[in-house]
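Structure first, then comments.
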Amino acid sequence: MADAERKTRTVVVAGGTGALGKAVSLAFLATGARVIATYLSEQEYDSLASEAHVIGPSGISGIKLDVMDEAAVARFTADTETKYGGIDALVITVGGYAGGKRLWEADLTTFDKMINLNLRAAFVMARAVLPGMIRQKHGAIVNVASKAGYGHSAGASLYAASKAGVMALFDSLAEEAKGYNINVNSVVPSVMDTPANRKAMPKADFSVWPRTEDVAKVILFLCSKEARLVQGAAVPVYGRT
């Protein structure tokens with residue numbers, strides 16, 4: 001299918017059924033895009049699909065995929081490009097948090113987990129879609145980083161390091177990709193208003209946390225034509241924290 005023939009944008013949301021991923025998936029669906037959400041939990045995907053049908057005739061589809069598995073991601077990317085003619089946008093909402101220990105109390109298992117979830121997954125996904133975006137001469141990639149990536153995160157040094165790494169990765173990628181009409185940016189949330197964060201911090205003032213729906217709107221903009229001049233940005237979405 002030639003690029004000019006594609007009427008519907010194809011958007012891949014890696015981790016598209018989590019708290020932020022679901023909000024991003026639904027936001028793109030509301031624009032009429034075709035959304036492919038990667039997931040690990042069948043229950044989470046069923047919940048997303050149910051909400052998607054409320055929006056209208058749904059362009060949602062999902063695939064159970066370990067986004068840290070290079071071979072599996074390569075197969076998924078090739079299949080998606082063949083079926084739909086290309087991938088127009090990639091949003092990486094995959095990630096995880098581990099904290100509560102000082103550096104000298106942390107272990108290598110936790111270090112590997114943070115690097116894999118927050119850095120390796122983003123690298124594997126971005127590297128897989130970039131050749132196709134280069135061929136079609138357009139694309140948008142947005143990664144979800146964290147305010148912790150700027151440091152000053154006592155008790156969460158491994159998480160902070162992984163988020164700092166992925167921010168540096170995408171800043172460099174933006175320089176490499178700008179000659180191909182591919183926009184690469186990051187959003188940088190603070191603590192988001194999610195069920196998991198409310199449970200972890202029950203005494204916090206939830207009203208000041210950025211809502212996932214509002215973060216999704218920023219991501220939607222960064223993947224739009226209106227954001228064509230925004231390249232290599234790390235956009236803070238801190239709410240009032």
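The values are calculated or read from the model by the stated rules, or taken from the named source; none is laboratory data. These numbers come from a predicted model, not from an experiment. Because the Cβ atoms are built from the backbone with ideal geometry, glycine has one as well, and the counts that use them run over all protein chains shown.
Just one of the numbered conditions (1) over 14 Å from the mean Cα position of the chain (by Cα); (2) of a type in the set (A, V, I, L, M, F, W, C); (3) under 16 Å from Gly18 (Cα atoms) is not true of Trp209: (3). The condition of being closer than 22 Å to Gly15 by Cβ and basic (Lys, Arg) holds for only one of Lys137, Lys147, Lys203, Lys178, that being Lys147.
Screening Ala177 on (1) under 17 Å from the mean Cα position of the chain (by Cα); (2) crowded, with 16+ Cβ neighbours inside 10 Å shows it passes everything except condition (1). Within the stretch 210-221, the only residue that satisfies the criterion of being over 18 Å from Lys147 (Cα atoms) and among the aliphatic types (A, V, I, L, M) is Leu220. Go through the stretch 137-147 and give me each residue that's buried (at least 23 other Cβ atoms within 10 Å of the Cβ) and either in contact with a Cys (Cβ under 7 Å, 6 or more places away or on another chain) or part of a helix (DSSP H, G or I) (or both). Within the stretch 137-147, Ala140, Val142 qualify.
For the stretch 108-120, the count of residues that are of a type in the set (Phe, Trp, Tyr), closer than 30 Å to Val191 by Cα and over 19 Å from the mean Cα position of the chain (by Cα) is at least one. Out of Thr109, Thr77, one residue alone is of a type outside the set (Asp, Glu) and under 20 Å from Thr8 (Cβ atoms). It is Thr77. Please tell me if Gly62 is closer than 20 Å to Val215 by Cβ, under 18 Å from the mean Cα position of the chain (by Cα) and not hydroxyl-bearing (Ser, Thr, Tyr). Criteria not met by Gly62.
Answer yes or no: is there a residue in the stretch 103-119 that is under 27 Å from Asn181 (Cα atoms) and either touching a residue at least 24 places away in the same chain (Cβ under 8 Å) or hydroxyl-bearing (Ser, Thr, Tyr) (or both). So far as the stretch 103-119 goes, yes, one or more of its residues are under 27 Å from Asn181 (Cα atoms) and either touching a residue at least 24 places away in the same chain (Cβ under 8 Å) or hydroxyl-bearing (Ser, Thr, Tyr) (or both). Residues that are more than 24 Å from Leu103 (Cβ to Cβ) and either of a type outside the set (Gly, Ala, Ser) or surrounded by 15 or more Cβ atoms within 10 Å (Cβ to Cβ) (or both) are absent from the stretch 160-169 altogether.
If the condition is being in a helix (DSSP H, G or I), touching a strand residue (DSSP E or B) at 6+ places or on another chain (Cβ under 9 Å) and farther than 21 Å from Ala168 by Cβ, then the stretch 222-241 contributes only Ala227.
Residue by residue, here is whether (1) at pLDDT 95 or above; (2) surrounded by 17 or more Cβ atoms within 10 Å (Cβ to Cβ); (3) touching a Leu at 6+ places or on another chain (Cβ under 7 Å); (4) of a type outside the set (Phe, Trp, Tyr) holds:
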| position | (1), (2), (3), (4) |
| --- | --- |
| Asp205 | no, no, no, yes |
| Thr212 | no, yes, yes, yes |
| Val218 | yes, yes, no, yes |
| Cys223 | yes, yes, no, yes |
| Arg228 | no, no, no, yes |
| Gln231 | yes, no, no, yes |
| Gly239 | no, yes, no, yes |
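When the residues of the stretch 185-211 are filtered to those that are touching a strand residue (DSSP E or B) at 6+ places or on another chain (Cβ under 7 Å) and not in a strand (DSSP E or B), the one that is farthest from Asp171 (Cα to Cα) is Phe206.
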